[in-house]
């Protein structure tokens, strides 16, 4: 079975902090994705990557950046956290389809 | 752009009732369609998928048929159980971009099954 592991289930940070969310997959997938999930809005794509050191903006990239130095690891970075970035963040990976999801990180920005 | 519209909940049913969750989509290409399920405190799991018109996806008693003429992918189950209580997401990806494309999701339908 594909395993997508997100480093933290719950995280509390303060406004203005630089925040790193880490995601690791164990199936040698080329494609990795970051989504945020908000009540009433569903999941929205922040960034994705189809290869090491490659990245593409999704639908809501503002305030975020990503890093993919190794194939199995995809990091989401909040450069200067703000309260409107309080959300559930979900990482996914795939070779083609379907995408396989991690359990999510619930991030609170105080 | 692409979009997915699904009925919003919560949807509350009694055990053994028939379930339908409606999903319609707008896409420019020839999308692949998915239903994902999210149990409390967990990430999303793929429930079923269909990649071309008239395909029927099925899993765990759930079914959905890709209807190109009505741009729909409604989820059905003949007899629901308490353990089916979860949030269900309809999603699509435009096949033009291949597997690297992100998914476009509906807003999710919270399903509650009462004993």
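Worth pointing out:
- Cα gyration tensor category, rounded, prolate or oblate, for chain A with a/c compared to 1.5: prolate
- Whole-angstrom gap from segment B:37-59 to segment A:61-110, using each part's C-alpha centre: 22
- Chain B shape via C-alpha gyration tensor axes, a/c threshold 1.5: prolate
- Within 10 Å of each Cβ in B:40-48, the average number of Cβ atoms from other chains: 5
- Fraction of beta bridges assigned by DSSP in the protein assembly as shown that are antiparallel (%, nearest 5): 90
- Judged by the mean number of other Cβ atoms found within 10 Å, the most tightly packed of the peptides A:27-36, B:15-24 leads the ranking A:27-36, B:15-24.
- Peptide A:45-56 has a mean shielding of 2, counted as Cβ atoms of other protein chains within 10 Å of each residue's Cβ.
- Within 10 Å of each Cβ in B:103-109, the average number of Cβ atoms from other chains: 5
- Per-peptide average of other Cβ atoms within 10 Å, ordering B:52-63, B:77-88 highest first: B:77-88, B:52-63
- For segment A:31-78, the relative contact order comes to 28 percent (Cα pairs under 8 Å, sequence separation of at least 6).
- In percent, rounded to a whole number, the relative contact order of chain B is 37, using alpha-carbon pairs under 8 Å and six or more apart.
- Three-way shape call for segment A:5-45 based on the alpha-carbon gyration tensor, with the a/c threshold at 1.5: oblate
- For chain A, the relative contact order works out to 36 percent when only alpha carbon pairs closer than 8 Å and six or more residues apart are counted.
Taken together, the values in this text are just the output of simple stated rules run on the coordinates, not laboratory data. None of these values were measured; they are calculated from a predicted model. Ideal geometry is used to build each Cβ from the backbone, glycine not excepted, and the neighbour counts take in all protein chains shown.
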